[in-house]
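Worksheet: the structure to be examined is printed underneath.
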Amino acid sequence: MLGVFGVEARTEAVYRAMLEHPTADLATIAGDVGASVEQVRAELDLLADLMLVEVVAGARPFQAIPPEQAIAVLVAREEERLAERQRQVTEARADMGDLVQSFVRSRTLQGPDGLVEEIDDPRVVTSRLYQLTQAARERVSFMLPGDALPPGAIEPSARLDDELLERGIPLRVIVTDASLEAPHWRGHLARQVTRGVQARSHPAPPHRIVIVDGTVAILPRDDSSGALVVHGPDLVAPTAALFDAIWQAAIPLVPDTVGAADGEFSDARVRQVVALLAQGQKDEAIARRLNVSVRTVRRLVSAALSALHAESRFEAGVLAVKRGWVA
């Protein structure tokens, strides 16, 4: 039991023997634990250091303290050790910024005006992304074309998301419709949405993009696996406009509709249909986007019209905008 506090098995055995036989001498305790008298003396010294035995007057120099007091002493010692470790980790995290800065600076080519950075190494791109998101103050937006992230990349992605959310930074993510076919990715997105991430899916997002506070953007390079980092509202504005256009055309992901089965009629599913109706999508296209049958789409459209008290699809779109269901 005391092993969780770093107490060795023989040391605990001596302590237990002293509890069970308070009047036993060293030879008796040694026989109980299968050790020599000298070994028991050494264990008593360790127990004294741990404050699990106390010195008493008389023939026996040590007496075991009651178990509840022993646990309290060990817990207090462990809490003190953990607090010190946490302090060290906090200091290391603060120092990490300087290390990342050295790593990135030596591997980044920056123009004389400081508006564009060129990065060739994808590892450096990751470190630069860490720097930029750590400095975020308003909002971070990601556009992720292509397939789902592999399972091994999920944890780092979730950690980055959580760090931003803990600081109160809104986070938007656009993924491809096709990527949601991967259960691990679909489940990850569903969990992140419950934590506050705003996620939407689109048939074909055009580029991998990260935008930080509307003033910095990370863009892919056509001729390498690196990236360009552009600075300043003027340079970032076209990329932000592209992101916003794709965002408006994408459909929201919510926990009860990510991977929802055919025929589910939750409010969130109905709102997804309304968002697509407002884009002018036909039933067949909506069915493909939501991975349901056309028949189900028509029933969902009927439910949407009823929920909005609308007489036509056009009116449903207008009312949905007024209610804030869609932008």
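Odds and ends about this structure:
Here's the yes/no breakdown for (1) in contact (Cβ under 8 Å) with a residue 40 or more places away in the chain; (2) closer than 29 Å to R269 by Cβ:
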{"site": "S141", "(1), (2)": "yes, yes"}
{"site": "P183", "(1), (2)": "yes, yes"}
{"site": "T194", "(1), (2)": "yes, yes"}
{"site": "V197", "(1), (2)": "no, yes"}
{"site": "V210", "(1), (2)": "yes, no"}
{"site": "T215", "(1), (2)": "no, no"}
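- The criterion of at least 2 residues that are of a type in the set (A, V, I, L, M, F, W, C) is met by the following strands (runs of 3 or more DSSP E) wholly inside the range 157-232: 171-176, 209-212, 216-220, 227-231.
- Search result, residues across the range 116-141 that are in a loop (DSSP other than H, G, I, E, B) and farther than 14 Å from A227 by Cα: A135, A136, R137, E138, R139
- Residue in the range 88-101 that is in contact with a Ser or Thr (Cβ under 6 Å, 6 or more places away or on another chain), in a helix (DSSP H, G or I) and either in contact (Cβ under 8 Å) with a residue 60 or more places away in the chain or not β-branched (V, I, T) (or both) present: no
- Per this entry, G97 is counted among residues that are at pLDDT below 90 and under 20 Å from the mean Cα position of the chain (by Cα).
Yes/no matrix, rows are residues, columns are (1) among the hydroxyl-bearing types (S, T, Y); (2) farther than 24 Å from V236 by Cα; (3) out of contact with any Phe, Trp or Tyr (no Cβ under 9 Å at 6 or more places or on another chain); (4) modelled with pLDDT under 90:
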position: R105; (1), (2), (3), (4): no, no, yes, yes
position: D113; (1), (2), (3), (4): no, no, yes, yes
position: V116; (1), (2), (3), (4): no, no, yes, no
position: V125; (1), (2), (3), (4): no, no, yes, no
position: T133; (1), (2), (3), (4): yes, no, yes, no
position: P145; (1), (2), (3), (4): no, no, yes, no
position: R159; (1), (2), (3), (4): no, yes, yes, yes
position: V210; (1), (2), (3), (4): no, no, no, no
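- Every residue from the range 46-69 that is closer than 16 Å to R10 by Cβ, surrounded by 12 or more Cβ atoms within 10 Å (Cβ to Cβ) and of a type outside the set (G, A, S): L46, L47, L50, L52, V53, F62
- Residue-level check: of (1) within 24 Å of L276 (Cβ to Cβ); (2) within 14 Å of the chain's Cα centre (by Cα); (3) surrounded by 15 or more Cβ atoms within 10 Å (Cβ to Cβ), I169 misses just (1).
- Search result, residues across the range 256-297 that are at pLDDT 70 or above, part of a loop (DSSP other than H, G, I, E, B) and not β-branched (V, I, T): Q279, G280, Q281, K282, N291, S293
- Of residues in the range 70-100 being small (G, A, S) and surrounded by 11 or more Cβ atoms within 10 Å (Cβ to Cβ), the one nearest to A135 (Cα to Cα): G97
The values are calculated or read from the model by the stated rules, or taken from the named source; none is laboratory data. Everything numeric here is computed off the predicted structure, so don't read it as measured data. FYI the Cβ positions are ideal-geometry reconstructions off the backbone, even for glycines, and counts take in every protein chain you see.
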